[in-house]
Amino acid sequence: MIARWWKRNSDGTVSCFLCFRGCKIKDGSFGACGVRFNESGVLNSPYLGKFCACAVDPIEKKPLYHWRPHTFIYSLGSLGCTMNCPFCQNHRIARPEKLIPLTQEITPYELVKNVKSLGLDSVAFTYNEPTLQAEYICDFAPLLHENGIAIVLVTNGAMSKEAASEIISCTDAANIDIKAFSDEAYKILGGNLETVKNNIKAFIQAGIHTELTHLVVPGINDNIDSFKEMVDWIAGISRDIPLHVSRYFPARNYHEPPTNLEILYSMASIAKRKLKHVHLGNIL
């Protein structure tokens, strides 16, 4: 399927504008996400509409605590990511070392049937970076909405302004990772802080129910002063924004011990002075 948000360059490369990075991709090569491909001067995305992970989850697992609480949601994951976190729990699909053939195409009509047959009324694009399915989501959002199915994104928030404006128009609720609050930390993770901040504001200003997750990783984003700055920034938008402060466990290429619980409790206490809804995650 041909991707959106790109242009062909005179040298045979293509420039992709799905995320902040704006990859310039040579013919026969993939972009930094690992799944957008330059095929003879055309940007293709061979995994659009194809998924390798499917589950029915409690909505709180996304995590969304303040949108349709105590319900279940149909969850789909595909391949690739627009960031490159060394501690990614889902790296086998988000950053696969080689493309995985075990993906299943799910047409939007099959998706509607699957969701409705389970008695559910929402679908989450999750596990890997969901905006890599943006064309699929945007093209078929009307069909899902006509059938009473809400669309949830669990995203790193790294999409370009152009892509975000269209994605937001299709979305009913989102959880956005705010992974750190310094440019230096985001560089380690292959991301861009200002892009994420701008997209959080854009989702909220558009009236999309938005909750934030902050995974506290030792040595990367466990600085208390930086955390205080992040909380102040969130509160400056709205004290009603839910914040999930979550515990890290070793994964992929990052082997520091799990987050110290005292640091997590301290951060939660700090956040509760400014925000109305603060939740601790991964502590049990």
Roughly what angle does helix 224-237 make with the longest principal axis of the chain, taking Cα atoms, 0 to 90 degrees, to the nearest 10? 70
Among (1) 29, 23, 18; (2) 35, 25, 16; (3) 48, 23, 19, the entry matching semi-axes √(5λ) of the Cα gyration tensor in Å as calculated here is (1)
If you average the sequence gap of Cα pairs under 8 Å that are 6 or more apart and divide by the length of region 32-118, what percent do you get for the contact order? 30
Mind jotting down the three principal axis lengths of region 175-221 based on Cα atoms? Whole angstrom, largest first. 35, 17, 13
Heavy-atom accessible area of ASP121, protein chains in place, probe 1.4 angstrom, given in Å² to nearest 10, is 60
Rounded to the nearest 5, what is the percent of antiparallel bridges among the DSSP beta bridges in the chain? 45
Under 5 Å between amide H atoms, partner at least 5 residues away or on a different chain: which partners does GLY41 have, H built in plane at 1.01 Å? GLY28
Scoring region 230-281 by relative contact order with C-alpha pairs under 8 Å, at least six apart, yields a percentage of 51
Taking a temperature of 25 °C and a viscosity of 0.890 mPa s, what whole-number D in µm²/s does Stokes-Einstein yield for region 100-175 with Rh from Kirkwood over alpha carbon pairs? 190
Sorted by chain and then number, the residues having a modelled amide H within less than 5 Å of the amide H of THR213, at least 5 places away or on another chain, are ILE176, ASP177, ILE178, HIS244
Sequence-separation-based contact order of the chain, relative, with Cα cut under 8 Å and 6+ spacing, percent: 15
Under a 1.4 Å probe, what is the accessible area of the chain per residue, stated in Å²? 45
With all protein chains present, how much of the accessible area of the chain (probe radius 1.4 Å) comes from carbon and sulfur, to the nearest whole percent? 51
Highest-fluctuation residue, GLY41, GLY191, GLY207 considered, GNM on the chain with Cα pairs under 10 Å: GLY207
Translational diffusion of region 31-96, µm² s⁻¹ [Kirkwood Rh, Cα pairs; Stokes-Einstein; 20 °C; 1.002 mPa s]: 155
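The values are calculated or read from the model by the stated rules, or taken from the named source; none is laboratory data. What you see is a predicted model, and the numbers here were worked out from it, not measured in a lab. In case anyone asks, the SASA skips ligands and DNA or RNA and just uses the protein heavy atoms, side chains included. Shrake-Rupley method; radii C 1.70, N 1.55, O 1.52, S 1.80 Å.
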